[in-house]
Amino acid sequence: MSSVSSSPVGRPTRGTTGINRLRRVDRWIARHPVLRRTDDPLVVDLGFGASAVTPLELHTRMTAQRPDATVLGLEIDADRVARAREQAAGVAGVSFARGGFEVPVPHGRRPAVIRAMNVLRQYDEADVADAWARMCARLQPGGILVEGTCDEIGRIVTWVEVGADALPRSLTISLRLAALDSPAVAAERLPKALIHRNVEGERVHAFLASLEREWTRAAAVAPFGPTHRWRTAMDAMTDAGWPLVRRERWRLGEVGVAWEAVAPR
């Protein structure tokens, strides 16, 4: 397949980006088992924005764990692609092309990971399943799509892990614990598939309410620091029956939960 798509599928994003904005999701991806087991550690940064900063940061974090990892940045806007190529000139392992949800990759390669952050915010909820399916169809067997959103400085980040079969597996919420007042702040940055579902009767609403409740109850251990308080809240969530995943990430202010526990009704 050509490295440049003649008719990219999708709409241009606002293009906003910032240094370290996606650091939380980058580090999660870098330590994901999919990168350890793949024979071709290609990661696509879909809709990277107005500069090369997020693909370059992603590459740095990937290669810290997998030195042979490569990153392909894709954008619908041809001017953004040209600008990124200039900014990243001479950097090995990072390339850029024009493309959208069809994820054009040269030489028939398939990515192990596609990261699409802050891309679907401008779409309707009804568009999400089709976008996931288009992107996931390009993945390697066993590959993953990471789709989500974050605030402008990367202190509130949420994302969905979607398998190559286009079925969502988990929701992750990642927060900066220092000075965190309420984990419910994540509600305003939920992925498009869930952001309109934070209402009574929906599973994600119940999850966020439980998260808020256990964080408040854990205030008694706040003198031991926000990380200890967060872990205490996560232990309580587990005891309450929530199917939390990747427990080792709790110390970073993250909580992952199996998709069926938060899926729209």
From the list Thr54, Thr63, Thr13, Thr17, exactly one residue is open to solvent by less than 10 Å² (accessible area, probe 1.4 Å), hydroxyl-bearing (Ser, Thr, Tyr) and either in contact (Cβ under 8 Å) with a residue 24 or more places away in the chain or assigned to a loop (DSSP other than H, G, I, E, B) (or both). Which is it? Thr54
For the stretch 33-51, which residues satisfy the criterion of being in a helix (DSSP H, G or I) and touching a strand residue (DSSP E or B) at 6+ places or on another chain (Cβ under 9 Å)? Val34, Leu35
Residue pairs within 8 Å by beta carbon, gap of at least six or interchain, first lying in the stretch 233-246 and under 22 Å from His32 (Cα atoms), second open to solvent by 50 Å² or more (accessible area, probe 1.4 Å), listed first then second, are Met234/Arg247; Pro243/Glu260; Leu244/Thr238
Scanning the stretch 182-222 for residues that are surrounded by fewer than 17 Cβ atoms within 10 Å (Cβ to Cβ) and of a type in the set (D, E, K, R) gives Glu188, Glu200, Arg213, Arg217
Just give me the residues in the stretch 161-181 being open to solvent by less than 40 Å² (accessible area, probe 1.4 Å), under 20 Å from Pro264 (Cα atoms) and part of a strand (DSSP E or B), in sequence order. Glu161, Val162, Gly163, Pro168, Ser170, Leu171, Thr172, Ile173
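The values are calculated or read from the model by the stated rules, or taken from the named source; none is laboratory data. Predicted, not measured: the structure shown is a model, and the values here were computed from it. Cβ coordinates were reconstructed from backbone atoms using ideal geometry, including for glycine residues, and neighbour counts include every protein chain displayed. The accessibility values were calculated without ligands, DNA or RNA, using every heavy atom of the protein model including side chains. Shrake-Rupley method; radii C 1.70, N 1.55, O 1.52, S 1.80 Å.
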